[in-house]
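Visitor: The following block contains the structure, expressed as C-alpha coordinates.
The values are calculated or read from the model by the stated rules, or taken from the named source; none is laboratory data. Values in this document were obtained by computation on a predicted structure and should not be read as measured data. Positions of Cβ are generated from backbone atoms using ideal geometry, with glycine treated the same way; all protein chains shown enter the neighbour counts. Just the protein is used for accessible areas: all its heavy atoms, side chains included, with ligands, DNA and RNA removed. Shrake-Rupley method; radii C 1.70, N 1.55, O 1.52, S 1.80 Å.
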Amino acid sequence: MSIPLRILYCNCSYANVVPKATKEAVLRALTESGMPFDAVPDLCEMSAQRDPSLHDLAGENVKIVACYPRAVKWLFHAVGAKLGDGAEVINMRTDSPDSILPKLLPEVPA
Amino acid sequence: MSATLPIPLVDAKPKAPRFRVAVYEGAGAEPLSSEVRTELVCALIAKGFSTSVVRPNGAVSPTNTGTLVVLGQFAEAKPERAEDGDAVVHFREIRNRPTAEVVALAEGIRAELNLPKPGGWKPWFPVIDYDRCTNCMQCLSFCLFDVYGIDADKKIQVQNNNKCKTDCPACSRVCPEVAILFPKYKHGPINGDVVSTDDIRRENMKIDISALLGGDIYEALRDRSAKFKSRFNKERDADKALEERTKCLVKLGEKLDIPPEVFASLPSMDQIRTKATEAAAKAQAALDMQDRK
Ligand code: SF4
Ligand code: SF4
(Lines give C-alpha, C1' and ligand atoms only; values in the text may rest on other atoms or scores of the structure.)
(Ligands and ions follow the chains in the order given, each with its own letter.)
Protein backbone atom coordinates (compact mmCIF):
# COMPACT_ATOMS: atom_id res chain seq x y z
CA MET A 1 0.00 0.00 0.00
CA SER A 2 1.54 3.32 -0.96
CA ILE A 3 1.67 6.05 1.67
CA PRO A 4 -0.20 9.14 0.52
CA LEU A 5 1.82 12.29 0.01
CA ARG A 6 1.36 14.96 2.65
CA ILE A 7 2.39 18.61 2.69
CA LEU A 8 3.68 20.39 5.80
CA TYR A 9 4.15 24.16 5.86
CA CYS A 10 6.23 25.88 8.57
CA ASN A 11 5.47 29.56 9.12
CA CYS A 12 8.70 30.27 11.04
CA SER A 13 6.65 32.68 13.14
CA TYR A 14 9.05 33.52 15.93
CA ALA A 15 12.07 34.93 14.08
CA ASN A 16 12.61 36.98 10.96
CA VAL A 17 14.73 34.52 9.06
CA VAL A 18 12.36 33.43 6.30
CA PRO A 19 11.32 36.31 4.02
CA LYS A 20 7.79 37.37 4.94
CA ALA A 21 6.77 37.76 1.30
CA THR A 22 7.85 34.18 0.56
CA LYS A 23 5.95 32.74 3.53
CA GLU A 24 2.81 34.68 2.61
CA ALA A 25 2.93 33.73 -1.06
CA VAL A 26 3.47 30.02 -0.28
CA LEU A 27 0.74 29.84 2.38
CA ARG A 28 -1.70 31.67 0.13
CA ALA A 29 -0.93 29.36 -2.79
CA LEU A 30 -1.49 26.34 -0.56
CA THR A 31 -4.84 27.53 0.77
CA GLU A 32 -6.00 28.55 -2.71
CA SER A 33 -4.86 25.27 -4.28
CA GLY A 34 -7.63 23.28 -2.66
CA MET A 35 -5.05 20.70 -1.57
CA PRO A 36 -5.09 19.32 1.97
CA PHE A 37 -2.06 20.25 4.08
CA ASP A 38 -0.73 20.66 7.60
CA ALA A 39 0.60 24.03 8.72
CA VAL A 40 2.49 24.84 11.90
CA PRO A 41 3.46 28.20 13.35
CA ASP A 42 7.09 27.25 14.06
CA LEU A 43 8.78 23.86 13.86
CA CYS A 44 11.66 25.15 15.99
CA GLU A 45 9.30 25.96 18.84
CA MET A 46 7.65 22.54 18.56
CA SER A 47 11.03 20.84 18.71
CA ALA A 48 12.09 22.98 21.67
CA GLN A 49 8.84 22.08 23.48
CA ARG A 50 9.26 18.41 22.51
CA ASP A 51 5.80 18.60 21.03
CA PRO A 52 4.68 15.01 20.37
CA SER A 53 2.78 16.16 17.27
CA LEU A 54 6.13 16.15 15.47
CA HIS A 55 5.83 12.36 15.41
CA ASP A 56 2.50 12.67 13.57
CA LEU A 57 3.89 15.27 11.18
CA ALA A 58 7.02 13.28 10.33
CA GLY A 59 6.88 10.28 8.07
CA GLU A 60 7.95 8.77 4.81
CA ASN A 61 6.16 10.58 2.09
CA VAL A 62 5.95 14.18 3.18
CA LYS A 63 6.96 17.43 1.50
CA ILE A 64 8.02 20.01 4.07
CA VAL A 65 8.25 23.63 3.10
CA ALA A 66 10.36 25.35 5.75
CA CYS A 67 14.08 26.17 5.73
CA TYR A 68 17.37 24.28 5.32
CA PRO A 69 16.84 20.50 5.00
CA ARG A 70 19.70 19.78 7.44
CA ALA A 71 18.06 21.96 10.11
CA VAL A 72 14.61 20.42 9.60
CA LYS A 73 15.94 16.84 9.68
CA TRP A 74 17.74 17.32 13.01
CA LEU A 75 14.91 19.34 14.58
CA PHE A 76 12.68 16.29 14.06
CA HIS A 77 15.41 13.96 15.26
CA ALA A 78 15.79 16.00 18.46
CA VAL A 79 12.37 14.74 19.57
CA GLY A 80 12.87 11.22 18.26
CA ALA A 81 10.73 11.74 15.15
CA LYS A 82 12.14 10.40 11.93
CA LEU A 83 11.82 11.89 8.48
CA GLY A 84 11.89 9.03 6.01
CA ASP A 85 14.07 8.83 2.95
CA GLY A 86 11.09 9.90 0.87
CA ALA A 87 10.70 13.17 2.79
CA GLU A 88 11.56 16.28 0.82
CA VAL A 89 12.37 19.64 2.39
CA ILE A 90 11.87 22.82 0.36
CA ASN A 91 13.76 25.89 1.56
CA MET A 92 11.89 29.18 1.90
CA ARG A 93 15.00 30.94 3.22
CA THR A 94 16.81 30.63 -0.07
CA ASP A 95 14.22 29.89 -2.75
CA SER A 96 11.62 32.19 -4.26
CA PRO A 97 7.92 31.33 -4.47
CA ASP A 98 8.37 30.92 -8.23
CA SER A 99 10.77 28.06 -7.70
CA ILE A 100 9.04 26.64 -4.59
CA LEU A 101 5.50 26.34 -5.88
CA PRO A 102 6.11 24.06 -8.89
CA LYS A 103 7.94 21.66 -6.53
CA LEU A 104 5.28 21.87 -3.85
CA LEU A 105 2.16 21.81 -5.98
CA PRO A 106 3.25 20.39 -9.34
CA GLU A 107 -0.28 19.52 -10.40
CA VAL A 108 -1.66 22.98 -9.72
CA PRO A 109 -1.20 25.34 -12.71
CA ALA A 110 0.74 28.53 -11.83
CA MET B 1 19.73 6.93 10.45
CA SER B 2 22.20 4.52 11.97
CA ALA B 3 21.63 2.62 15.17
CA THR B 4 24.58 4.41 16.77
CA LEU B 5 22.74 7.72 16.89
CA PRO B 6 22.04 8.98 20.39
CA ILE B 7 18.59 8.39 21.74
CA PRO B 8 16.84 11.75 21.74
CA LEU B 9 15.00 12.96 24.77
CA VAL B 10 11.75 11.21 23.91
CA ASP B 11 11.41 10.03 27.46
CA ALA B 12 11.54 13.59 28.72
CA LYS B 13 8.11 14.91 29.54
CA PRO B 14 6.78 16.86 26.56
CA LYS B 15 6.27 20.49 27.48
CA ALA B 16 3.45 20.82 24.95
CA PRO B 17 0.49 18.44 24.59
CA ARG B 18 -0.91 17.60 21.16
CA PHE B 19 -3.37 20.32 20.16
CA ARG B 20 -4.48 20.95 16.63
CA VAL B 21 -7.16 22.77 14.68
CA ALA B 22 -8.65 21.18 11.55
CA VAL B 23 -10.35 23.31 8.94
CA TYR B 24 -12.62 20.53 7.80
CA GLU B 25 -13.93 20.28 4.25
CA GLY B 26 -14.15 16.49 4.02
CA ALA B 27 -17.15 14.14 3.86
CA GLY B 28 -20.19 15.54 5.64
CA ALA B 29 -19.11 19.17 5.35
CA GLU B 30 -19.45 21.83 2.69
CA PRO B 31 -16.29 23.22 1.14
CA LEU B 32 -15.25 26.76 2.04
CA SER B 33 -14.63 29.38 -0.57
CA SER B 34 -10.97 29.90 -1.35
CA GLU B 35 -11.09 33.39 0.25
CA VAL B 36 -12.69 32.18 3.48
CA ARG B 37 -10.23 29.27 3.76
CA THR B 38 -7.22 31.52 3.14
CA GLU B 39 -8.29 34.15 5.63
CA LEU B 40 -9.11 31.56 8.29
CA VAL B 41 -5.91 29.53 7.93
CA CYS B 42 -3.72 32.66 7.97
CA ALA B 43 -5.52 33.94 11.08
CA LEU B 44 -5.16 30.59 12.88
CA ILE B 45 -1.46 30.36 12.10
CA ALA B 46 -0.98 33.97 13.24
CA LYS B 47 -2.51 33.02 16.59
CA GLY B 48 -0.10 30.12 16.97
CA PHE B 49 -2.40 27.19 16.08
CA SER B 50 -1.11 24.12 14.29
CA THR B 51 -3.70 23.81 11.57
CA SER B 52 -4.67 21.10 9.11
CA VAL B 53 -6.72 21.80 6.03
CA VAL B 54 -8.74 18.63 5.50
CA ARG B 55 -10.01 18.10 1.98
CA PRO B 56 -11.40 15.05 0.19
CA ASN B 57 -8.51 14.86 -2.28
CA GLY B 58 -5.60 13.82 -0.09
CA ALA B 59 -4.11 13.24 3.35
CA VAL B 60 -3.05 15.23 6.37
CA SER B 61 -1.13 13.92 9.36
CA PRO B 62 -3.05 11.73 11.82
CA THR B 63 -4.29 12.93 15.23
CA ASN B 64 -4.75 9.84 17.36
CA THR B 65 -4.26 11.46 20.74
CA GLY B 66 -4.60 14.91 22.27
CA THR B 67 -7.11 17.58 21.37
CA LEU B 68 -8.50 18.33 17.94
CA VAL B 69 -10.74 21.30 17.22
CA VAL B 70 -12.72 20.67 14.03
CA LEU B 71 -14.08 23.76 12.32
CA GLY B 72 -16.49 23.26 9.44
CA GLN B 73 -19.78 23.86 7.70
CA PHE B 74 -21.33 20.56 8.68
CA ALA B 75 -24.22 18.94 6.84
CA GLU B 76 -25.54 17.56 10.14
CA ALA B 77 -25.30 18.92 13.66
CA LYS B 78 -22.18 17.71 15.50
CA PRO B 79 -21.65 17.26 19.22
CA GLU B 80 -19.60 20.04 20.84
CA ARG B 81 -17.26 17.43 22.30
CA ALA B 82 -16.68 13.81 21.38
CA GLU B 83 -14.07 11.20 22.14
CA ASP B 84 -12.38 9.29 19.37
CA GLY B 85 -10.04 6.70 20.80
CA ASP B 86 -7.44 8.65 22.77
CA ALA B 87 -8.30 11.94 21.08
CA VAL B 88 -10.84 14.51 22.25
CA VAL B 89 -12.58 16.21 19.37
CA HIS B 90 -14.32 19.58 19.68
CA PHE B 91 -16.63 20.34 16.73
CA ARG B 92 -17.55 23.94 15.97
CA GLU B 93 -19.95 25.10 13.27
CA ILE B 94 -18.49 28.09 11.42
CA ARG B 95 -21.16 28.85 8.85
CA ASN B 96 -21.81 32.60 8.53
CA ARG B 97 -19.33 33.39 11.28
CA PRO B 98 -16.65 36.00 10.68
CA THR B 99 -13.04 34.80 10.82
CA ALA B 100 -12.23 36.60 14.08
CA GLU B 101 -15.14 34.86 15.80
CA VAL B 102 -14.06 31.44 14.50
CA VAL B 103 -10.50 31.99 15.72
CA ALA B 104 -11.90 33.05 19.09
CA LEU B 105 -13.70 29.67 19.31
CA ALA B 106 -10.36 27.86 19.04
CA GLU B 107 -8.75 30.29 21.47
CA GLY B 108 -11.53 29.62 23.95
CA ILE B 109 -10.86 25.87 23.87
CA ARG B 110 -7.11 26.43 24.23
CA ALA B 111 -7.74 28.68 27.23
CA GLU B 112 -10.19 26.19 28.79
CA LEU B 113 -7.50 23.53 28.63
CA ASN B 114 -5.03 25.94 30.21
CA LEU B 115 -2.61 25.49 27.35
CA PRO B 116 0.11 28.09 27.03
CA LYS B 117 -0.09 30.54 24.16
CA PRO B 118 2.79 29.78 21.81
CA GLY B 119 5.32 32.39 20.80
CA GLY B 120 6.33 33.59 24.25
CA TRP B 121 10.02 33.28 23.39
CA LYS B 122 12.26 33.01 20.38
CA PRO B 123 12.96 29.28 20.03
CA TRP B 124 16.75 29.48 20.21
CA PHE B 125 18.66 26.36 21.11
CA PRO B 126 21.37 24.15 19.62
CA VAL B 127 20.44 21.23 17.39
CA ILE B 128 23.07 18.56 16.80
CA ASP B 129 23.74 17.14 13.36
CA TYR B 130 24.67 13.59 14.29
CA ASP B 131 25.84 12.87 10.76
CA ARG B 132 28.77 15.17 11.60
CA CYS B 133 29.19 14.94 15.36
CA THR B 134 32.17 12.88 16.56
CA ASN B 135 31.18 13.04 20.24
CA CYS B 136 34.31 14.99 21.13
CA MET B 137 32.56 16.79 24.03
CA GLN B 138 33.99 20.23 23.23
CA CYS B 139 30.50 21.73 23.42
CA LEU B 140 29.86 20.12 26.80
CA SER B 141 33.14 21.46 28.17
CA PHE B 142 32.47 24.90 26.74
CA CYS B 143 28.87 25.67 27.70
CA LEU B 144 28.49 27.24 31.12
CA PHE B 145 24.72 27.06 31.14
CA ASP B 146 24.19 23.28 31.35
CA VAL B 147 22.58 23.07 27.94
CA TYR B 148 24.49 19.91 27.00
CA GLY B 149 24.57 16.55 28.70
CA ILE B 150 25.23 12.95 27.88
CA ASP B 151 22.78 10.12 27.37
CA ALA B 152 22.95 6.62 28.83
CA ASP B 153 25.34 5.62 26.03
CA LYS B 154 27.67 8.55 26.83
CA LYS B 155 26.67 10.35 23.67
CA ILE B 156 26.38 14.12 23.59
CA GLN B 157 22.85 15.45 23.76
CA VAL B 158 21.06 18.77 24.09
CA GLN B 159 19.30 18.37 27.42
CA ASN B 160 18.24 21.81 28.59
CA ASN B 161 17.42 23.82 25.52
CA ASN B 162 15.53 26.39 27.58
CA LYS B 163 18.77 27.33 29.35
CA CYS B 164 20.41 28.41 26.09
CA LYS B 165 21.03 32.16 25.79
CA THR B 166 18.93 33.69 23.02
CA ASP B 167 20.93 34.68 19.94
CA CYS B 168 24.18 33.26 21.31
CA PRO B 169 25.71 30.78 18.83
CA ALA B 170 29.06 30.52 20.67
CA CYS B 171 29.06 26.73 21.18
CA SER B 172 28.59 26.18 17.46
CA ARG B 173 31.84 28.10 16.97
CA VAL B 174 33.79 25.73 19.17
CA CYS B 175 32.46 22.57 17.52
CA PRO B 176 35.34 21.28 15.41
CA GLU B 177 32.96 19.38 13.12
CA VAL B 178 30.52 22.21 12.39
CA ALA B 179 27.87 19.88 13.82
CA ILE B 180 25.93 22.37 15.95
CA LEU B 181 23.04 24.18 14.28
CA PHE B 182 20.94 27.09 15.38
CA PRO B 183 18.16 27.01 12.75
CA LYS B 184 17.21 30.63 13.43
CA TYR B 185 20.76 31.96 13.07
CA LYS B 186 21.42 34.48 10.27
CA HIS B 187 24.31 32.77 8.52
CA GLY B 188 25.36 29.40 7.23
CA PRO B 189 26.39 26.79 7.98
CA ILE B 190 25.20 27.34 11.56
CA ASN B 191 21.64 27.89 10.26
CA GLY B 192 21.65 24.45 8.63
CA ASP B 193 23.05 25.44 5.25
CA VAL B 194 25.31 22.90 3.56
CA VAL B 195 28.76 22.72 5.17
CA SER B 196 31.39 23.69 2.61
CA THR B 197 35.07 22.82 2.55
CA ASP B 198 35.76 26.42 3.55
CA ASP B 199 33.64 25.93 6.65
CA ILE B 200 35.61 22.84 7.52
CA ARG B 201 38.83 24.78 7.03
CA ARG B 202 37.44 27.28 9.45
CA GLU B 203 37.18 24.35 11.85
CA ASN B 204 40.12 26.00 13.55
CA MET B 205 37.66 28.61 14.80
CA LYS B 206 38.54 27.24 18.18
CA ILE B 207 42.15 28.16 17.53
CA ASP B 208 40.97 31.63 16.59
CA ILE B 209 39.35 31.91 19.98
CA SER B 210 42.55 30.79 21.62
CA ALA B 211 44.53 33.30 19.58
CA LEU B 212 42.13 35.97 20.63
CA LEU B 213 42.39 35.32 24.31
CA GLY B 214 45.57 33.35 24.65
CA GLY B 215 44.19 29.96 25.66
CA ASP B 216 40.99 28.48 26.88
CA ILE B 217 38.43 31.27 27.01
CA TYR B 218 37.28 30.61 30.55
CA GLU B 219 40.89 30.30 31.60
CA ALA B 220 41.46 33.65 29.95
CA LEU B 221 38.49 35.20 31.67
CA ARG B 222 39.74 33.86 34.98
CA ASP B 223 43.26 35.15 34.32
CA ARG B 224 41.91 38.51 33.43
CA SER B 225 39.84 38.51 36.56
CA ALA B 226 42.91 37.64 38.65
CA LYS B 227 44.92 40.34 36.96
CA PHE B 228 42.16 42.85 37.47
CA LYS B 229 41.92 41.91 41.09
CA SER B 230 45.64 42.39 41.67
CA ARG B 231 45.64 45.63 39.73
CA PHE B 232 42.60 46.76 41.60
CA ASN B 233 44.42 46.01 44.83
CA LYS B 234 47.55 47.81 43.73
CA GLU B 235 46.09 50.72 41.91
CA ARG B 236 42.61 50.87 43.34
CA ASP B 237 41.65 51.71 39.78
CA ALA B 238 38.35 49.92 39.36
CA ASP B 239 37.41 51.94 36.32
CA LYS B 240 40.52 50.94 34.44
CA ALA B 241 40.02 47.28 35.27
CA LEU B 242 36.43 47.41 34.17
CA GLU B 243 37.40 49.15 30.94
CA GLU B 244 39.97 46.50 30.10
CA ARG B 245 37.63 43.64 30.88
CA THR B 246 34.88 45.21 28.84
CA LYS B 247 37.27 45.63 25.91
CA CYS B 248 38.23 41.97 26.11
CA LEU B 249 34.62 40.81 26.27
CA VAL B 250 33.50 43.10 23.48
CA LYS B 251 36.28 41.73 21.28
CA LEU B 252 35.26 38.17 22.09
CA GLY B 253 31.61 39.00 21.61
CA GLU B 254 32.22 40.50 18.18
CA LYS B 255 34.35 37.60 17.10
CA LEU B 256 31.80 34.98 18.15
CA ASP B 257 28.64 37.00 17.59
CA ILE B 258 27.72 36.69 21.26
CA PRO B 259 25.14 39.22 22.45
CA PRO B 260 26.24 41.45 25.37
CA GLU B 261 23.35 40.08 27.47
CA VAL B 262 25.11 36.72 27.56
CA PHE B 263 28.18 38.27 29.14
CA ALA B 264 25.94 40.09 31.53
CA SER B 265 24.46 36.76 32.63
CA LEU B 266 27.78 34.92 33.05
CA PRO B 267 28.08 33.38 36.47
CA SER B 268 30.64 34.71 38.94
CA MET B 269 34.26 33.77 38.41
CA ASP B 270 34.08 31.20 41.19
CA GLN B 271 31.00 29.65 39.65
CA ILE B 272 32.67 29.68 36.22
CA ARG B 273 35.64 27.84 37.70
CA THR B 274 33.40 25.23 39.33
CA LYS B 275 31.16 24.80 36.29
CA ALA B 276 34.07 24.58 33.87
CA THR B 277 35.73 21.93 36.07
CA GLU B 278 32.49 19.95 36.36
CA ALA B 279 31.78 20.12 32.64
CA ALA B 280 35.32 19.12 31.77
CA ALA B 281 35.09 16.17 34.21
CA LYS B 282 31.76 15.08 32.70
CA ALA B 283 33.20 15.33 29.20
CA GLN B 284 36.35 13.46 30.20
CA ALA B 285 34.32 10.68 31.85
CA ALA B 286 32.28 10.28 28.67
CA LEU B 287 35.44 10.20 26.55
CA ASP B 288 37.04 7.62 28.88
CA MET B 289 33.95 5.42 28.55
CA GLN B 290 34.19 5.67 24.76
CA ASP B 291 37.84 4.63 24.86
CA ARG B 292 37.00 1.62 27.02
CA LYS B 293 34.34 0.41 24.55
S1 SF4 C 1 12.27 24.88 10.96
FE2 SF4 C 1 13.22 26.56 9.80
S3 SF4 C 1 11.48 27.62 8.90
FE4 SF4 C 1 10.65 26.37 10.56
S5 SF4 C 1 10.68 27.64 12.40
FE6 SF4 C 1 12.63 26.59 12.40
S7 SF4 C 1 14.04 28.00 11.32
FE8 SF4 C 1 11.98 28.66 10.86
S1 SF4 D 1 31.60 19.84 19.82
FE2 SF4 D 1 30.52 19.19 17.96
S3 SF4 D 1 31.44 17.23 17.38
FE4 SF4 D 1 32.03 17.65 19.51
S5 SF4 D 1 30.44 16.60 20.74
FE6 SF4 D 1 29.76 18.73 20.48
S7 SF4 D 1 28.42 18.65 18.65
FE8 SF4 D 1 29.65 16.76 18.63
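Visitor: Exactly one of (1) within 17 Å of the chain's Cα centre (by Cα); (2) assigned to a loop (DSSP other than H, G, I, E, B) is unmet by B:CYS171. Its number?
Guide: That leaves (2) as the condition not met.
Visitor: Further, regarding this structure: Mind listing whichever residues of the stretch A:1-11 are at pLDDT 95 or above and either more than 8 Å from chain B (Cβ to nearest Cβ) or within 21 Å of B:ASN57 (Cα to Cα) (or both)?
Guide: Those that are at pLDDT 95 or above and either more than 8 Å from chain B (Cβ to nearest Cβ) or within 21 Å of B:ASN57 (Cα to Cα) (or both): A:ARG6, A:ILE7, A:LEU8, A:TYR9, A:CYS10.
Visitor: Residue check, A:GLU107 against (1) away from every other protein chain (no Cβ under 11 Å); (2) assigned to a loop (DSSP other than H, G, I, E, B), all met but one. Which one?
Guide: Only one criterion is unmet by A:GLU107, namely (1).
Visitor: Among the numbered conditions (1) free of Cβ contacts under 8 Å to residues at least 12 places away in the same chain; (2) closer than 30 Å to B:VAL70 by Cα, tell me where B:HIS187 comes up short.
Guide: Answer for B:HIS187: the failing condition is (2).
Visitor: Would you say A:ALA39 is of a type in the set (A, V, I, L, M), in a strand (DSSP E or B) and facing chain B (nearest Cβ under 8 Å)?
Guide: yes
Visitor: In the stretch A:14-35, which residues are part of a helix (DSSP H, G or I) and out of contact with any Leu (no Cβ under 9 Å at 6 or more places or on another chain)?
Guide: Matches in the stretch A:14-35: A:LYS20, A:ALA21, A:THR22, A:LYS23, A:GLU24, A:LEU27, A:ARG28, A:GLU32.
Visitor: Now, a different point. So which pairs qualify, if the first residue must be in the stretch B:129-140 and closer than 12 Å to B:LYS282 by Cβ, the second must be more than 16 Å from ligand 1 (Cβ to nearest atom) and open to solvent by 60 Å² or more (accessible area, probe 1.4 Å), the Cβ gap must be under 9 Å, and the two must be at least 6 apart or on different chains?
Guide: As it stands, the answer is B:MET137/B:LYS282; B:MET137/B:GLN284; B:LEU140/B:LYS282, since those pairs meet every condition given.
The rows are residues; the columns are (1) open to solvent by 20 Å² or more (accessible area, probe 1.4 Å); (2) of a type in the set (A, V, I, L, M, F, W, C).
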| position | (1), (2) |
| --- | --- |
| B:PRO17 | yes, no |
| B:TYR24 | yes, no |
| B:ALA27 | yes, yes |
| B:SER33 | yes, no |
| B:GLU39 | yes, no |
| B:THR51 | no, no |
| B:SER61 | no, no |
| B:LEU71 | no, yes |
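Visitor: Out of A:SER33, A:SER53, report the one residue that is among the hydroxyl-bearing types (Ser, Thr, Tyr), over 12 Å from the mean Cα position of the chain (by Cα) and more than 7 Å from chain B (Cβ to nearest Cβ).
Guide: A:SER33
Visitor: Would you mind listing the strands (runs of 3 or more DSSP E) fully within the stretch B:51-103 where at least 2 residues are among the β-branched types (Val, Ile, Thr) and under 24 Å from A:LEU30 (Cβ atoms)?
Guide: Those strands (runs of 3 or more DSSP E) span B:51-54, B:65-74.
Visitor: Okay, moving on. How about the stretch A:62-94: which of its residues are open to solvent by 30 Å² or more (accessible area, probe 1.4 Å), facing another protein chain (nearest Cβ under 9 Å) and more than 12 Å from ligand 1 (Cβ to nearest atom)?
Guide: Those that are open to solvent by 30 Å² or more (accessible area, probe 1.4 Å), facing another protein chain (nearest Cβ under 9 Å) and more than 12 Å from ligand 1 (Cβ to nearest atom): A:GLY80, A:LYS82.
Visitor: What number of residues within the stretch B:173-188 satisfy the criterion of being under 17 Å from A:CYS44 (Cα atoms) and touching a Leu at 6+ places or on another chain (Cβ under 8 Å)?
Guide: Residues meeting the conditions: 1.
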